[in-house]
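Here is the structure we will look at.
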Amino acid sequence: MRWESYRYDITDPYFQVDSVVDAKGKIQIPGQAALGLMLSQGDYWQVGADLSMSDWSNFRSYEQADSFGKQFMFKFGGAITPDINSVNNYWKRMTFRAGVYTGQDLVRLNGTSLSRSGITVGLGYPIRRTNNSIGQLNAVLEFGKRGTLNNGLVREGYTRFAIGFTVNDKWFIKRKYD
C-alpha cells in the first residue's frame, strides 16, 4: 500500500509529491554530550547546572540534509523548600524554583545560527506526604526569546505556562516482619 499527498500551487499549475508513506530510507541522528552538576542540602535546597552539546550539521533524513548546525545549551537553576516538615504552614512546605538558560538552537537559517535564552520560575505544591509516597503539583512560567535580527531573520519572544503532576512511590520496601 502506498499513500501520497500532493501540493498544488495555483500560480504554477502542476502537482508535486509532498510526502510518501512506506518509503524506505535511513535517518542519521547525531549523538549528544551533556554534563550536569547538582548540589543539595537534603530536601531543603538544590542548585544545579547543565551543559549539553550536539552537532546536527551531519543530520540526514532519507539522504537529504537539513538546515541544522551545532547546538549547545547551558542551564543553571535552583530550588528551595523553607520547611519540608511544617504542619501548620503550607507555604513553608512549597518548593520554589528559578532558573536561567542560554545557548544556540540547532536550526540554522541563511547561514546564521539562532540563539535561545530565557528565565523560568515555578513552584511545587505538596499534595500528600507519607512514608511511602510523595505527591506534588508543579507549575512553571517561562519567559524566553529565540532568533536573531542578523541576515534578515526574526527574533521572537515567548511565554509558556505549564502544569505537571509528580508522584514518587517507594514500591520495593523489604518488610521487617511478615
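Couple of notes before you dig in:
- Around residue 26: net Lys/Arg minus Asp/Glu count, Cβ-Cβ under 9 Å: +1
- Overall form of segment 69-133 per C-alpha gyration tensor (a/c, 1.5; a/b vs b/c): prolate
- Gyration tensor (alpha-carbon) shape descriptor, segment 35-169, a/c threshold 1.5: prolate
- Counting Lys and Arg as +1 and Asp and Glu as -1 over every other residue whose Cβ lies under 9 Å from the Cβ of residue 114, the net charge comes to +3.
Coordinate-derived values only; no laboratory data. Not measured: the values here are computed from a predicted model. Heads up, the Cβs are rebuilt from the backbone with ideal geometry, glycines too, and the neighbour counts pull from every protein chain shown.
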